[in-house]
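Data block below; observations after.
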Amino acid sequence: MKNLKFILAAGVLALSSCSQTTRSTDRDKVVADSIAQEINVLTAQKALFAKMEIKDTIKIGDLVQLRFTVYNKADSVMQFCKWHTPFEPLISKYLDIKNESGEEVSYKGAMAKRMMPPPASSYMKLNPQDSVSIDVDLLKGYAIEGAGKYTISYNSQNMSGLMVRDSISFVYIK
């Protein structure tokens, strides 16, 4: 009987410690998530990021010119890999372009095979609080053909290290 009381007490103690651990784990997860969000905000403020710009309306036959600008908000020189960005010739599909139906526009440019890791010559340095821009005609690498609204998203953050938060749109008219 004494053994049964001892086993029962140990079981209650074990169960109560499990619920305490769960509450502590949930609280720890909330704190960890909060810290991770703050780190992401601070990193985004200090890291390289890029923005894309394009005219709202473009006539068929005109250049479909995209301006790609990289910003360095850090207090030190930063670098990014120019592979899969407009800072190299069109030899990779670094944009997703979709029409208003959600169909992806075909990429018609070259596709380079790369050796990893990228050599030092494939990186561009950017001074603190500086930016660098380049213009590219999307018609040279993408089959944008019919009239309509198109949405452009950058898809190569993992290769270049550049964050582009927003997609952009334009209307292609006759």
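The values are calculated or read from the model by the stated rules, or taken from the named source; none is laboratory data. All values reported here derive from a predicted model rather than from experimental measurement. No Cβ is skipped: glycine too gets one built from the backbone with ideal geometry, and neighbour counts run over all protein chains shown. Just the protein is used for accessible areas: all its heavy atoms, side chains included, with ligands, DNA and RNA removed. Shrake-Rupley method; radii C 1.70, N 1.55, O 1.52, S 1.80 Å.
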With all protein chains modelled, accessible area of M111 [1.4 Å, Å²]: 130
Reciprocal mean inverse distance between Cα atoms of segment 35-174 - Kirkwood radius, Å: 16.1
Computed accessible area, E145, all protein chains, 1.4 angstrom probe, square angstrom: 130
Sparse-neighbourhood loop sites, trypsin sites (Lys or Arg not before Pro) in segment 101-153 - DSSP loop, at most 15 other Cβ within 10 angstrom: K108, K113, R114
Of all accessible heavy-atom area on segment 48-97, the percent that carbon and sulfur account for (1.4 Å): 48
Solvent-accessible area per residue, Å², over segment 60-174 with all protein chains present [probe radius 1.4 Å]: 56
Length added when fully stretched, M115-N127, from 0.36 nm per residue minus Cα-Cα: 1.6 nm
